[in-house]
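Engineer: Got a structure for you, written out below as structure tokens; questions coming shortly.
Read the figures in this text as sums done on the coordinates, not as results from a lab. It should be emphasised that the depicted structure is a prediction, and the values quoted were computed from it without experimental measurement. So basically every Cβ, Gly included, is an ideal-geometry build from the backbone, and we count neighbours across all protein chains shown.
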Amino acid sequence: MKNKTVFITGGSRGIGKAIALRLAKEGANIIIAAKTAEPHPKLEGTIYTSATAIEKAGGQALPIVVDVRSEELVVQAIEKAVEKFGGIDVLINNASAISLTQIEETTMKRYDLMQSVNVRGTFMVSKYCIPHLRKATNPHILTLSPPLNLDPMWFGNHLAYTMSKYGMSMTVLGQSNQLKKDGIASNALWPKTAIATAAVKYALGGEDMIQASRTPEIMADAAYAILNRDSKSCTGNFFIDEDVLREEGIINFEHYAVNKERDLFPDLFL
């Protein structure tokens with residue numbers, strides 16, 4: 001990944017930031033395209049604190065304030081990335097909104113947010129990155145979305161969120177089919193267990209759920225492994241983090257656990 005340019009949406013904290021830091025250690029250039037420019041009262045991190053951490057880790061950083069719902073801001077961010085680093089080698093669609101509510105409890109404002117960020121945002125950022133990825137060596141699109149699983153349970157429990165995440169996964173399917181002739185890989189990555197992020201803490205189960213989670217570094221290590229694979233042959237996959245690392249020869253995952261004394265909570269959709 002040395003000198004490769006990676007465009008990450010929503011990378012100011014959590015899994016996106018962990019992936020950014022992992023790739024920065026290998027000398028990558030990282031564009032942090034996220035909304036958080038000012039500190040949040042509850043959530044740690046901004047695009048600027050992430051940029052500082054990336055540079056300390058060994059990479060170059062370009063923080064840009066981007067709302068992936070805005071076509072204008074997305075286009076401008078990609079243009080700035082190409083102007084500074086000369087191109088884009090990897091796109092990571094990490095930005096996502098969550099609301100684990102049943103139908104009547106889901107406000108249309110929240111429904112629209114999930115559809116706009118998760119589905120439309122993933123589609124649009126990919127759309128504008130593709131012309132630059134075509135010029136890259138070993139180009140990858142990696143989307144943080146689950147394997148498509150039509151078990152009615154996932155729809156009945158939180159229909160709006162499931163529709164939006166599966167929309168991201170359908171984007172992966174379509175991209176992998178269309179872009180295979182260009183040698184651009186499009187894959188999905190999803191965790192086997194809950195991951196210790198703000199989304200898990202505030203949307204799933206508080207501090208108790210965090211204690212039953214793994215750290216974001218397991219997703220970062222899995223992402224790094226995928227992005228080093230041949231884009232011409234590694235595409236259209238719905239990867240699970242632990243499975244990817246097992247393929248890399250890793251068999252001990254204890255160091256990823258937040259609390260080694262707790263049983264791990266399986267993630268959604270698996």
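Engineer: Can you tell me the dipole magnitude for region 130-224 around its Cα centre, using point charges on the Cβ only (Lys, Arg +1; Asp, Glu -1), in Debye to the nearest 20?
Structural biologist: 440
Engineer: Separate question: Just to be sure I understand: of the beta bridges DSSP finds with both ends in the chain, what percent are antiparallel, rounded to 5?
Structural biologist: Within the chain, antiparallel bridges account for around 5 percent of the total.
Engineer: Okay, moving on. Based on the Kirkwood radius over alpha-carbon pairs, what is the Stokes-Einstein translational diffusion coefficient of region 49-133 at 37 °C with 0.692 mPa s viscosity, in µm²/s?
Structural biologist: Value of D from the Cα-based Kirkwood radius: 226 µm²/s.
Engineer: In region 56-190, what is the volume of the convex hull around the alpha carbon atoms, normalised per residue and reported in Å³?
Structural biologist: Cα-based convex hull of region 56-190, divided per residue, equals 122 Å³.
Engineer: A follow-up question, please. Residues with amide H under 5 Å of I31's amide H, sequence separation 5 or more or different chain, H placed in the peptide plane at 1.01 Å from N; which?
Structural biologist: Distant-sequence amide H within range of I31: V6, F7, I8, L62.
Engineer: Can you list the aspartates and glutamates whose alpha carbon is less than 13 Å from that of K135, not counting same-chain residues fewer than 8 positions off?
Structural biologist: Here the aspartates and glutamates satisfying the reach criterion relative to K135 are D89, D182.
Engineer: Determine Rg/Rh for the chain; Rg is computed over alpha-carbon atoms and Rh is the Kirkwood hydrodynamic estimate from the same atoms.
Structural biologist: We get a ratio of 0.94 for the chain.
Engineer: Hey, what do the phi angles of region 243-259 turn into as Karplus ³J(HN,Hα) couplings, whole Hz, using 6.51/-1.76/1.60 and θ = phi - 60°, x for Gly and Pro?
Structural biologist: Taking θ as phi minus 60°, the curve returns 5, 4, 5, 4, 5, 8, x, 8, 10, 10, 10, 4, 5, 8, 6, 5, 9 Hz for region 243-259.
Engineer: Using the Karplus curve 6.51 cos²θ - 1.76 cosθ + 1.60 with θ = phi - 60°, work out ³J(HN,Hα) for each residue of region 132-146 in order, rounded to whole Hz, and write x for Gly and Pro.
Structural biologist: 7, 5, 4, 8, 8, 9, 6, x, 9, 10, 10, 10, 8, 8, x
Engineer: Run the dipole for the chain about the Cα centre, Lys and Arg Cβ at +1, Asp and Glu Cβ at -1, nothing else charged, and hand back the magnitude in debye, nearest 20.
Structural biologist: 700
Engineer: Through the Karplus equation 6.51 cos²θ - 1.76 cosθ + 1.60, θ set to phi - 60°, convert the phi angles of region 230-236 into ³J(HN,Hα) values in whole Hz; use x for Gly and Pro.
Structural biologist: Listing the rounded values in order: 5, 5, 6, 10, 9, 8, x Hz.
Engineer: Have a look at I64, P191, G156 and report the one farthest towards the positive end of the charge dipole of the chain, computed about the Cα centre with Cβ charges (Lys/Arg +1, Asp/Glu -1).
Structural biologist: Final value for the positive-end residue is I64.
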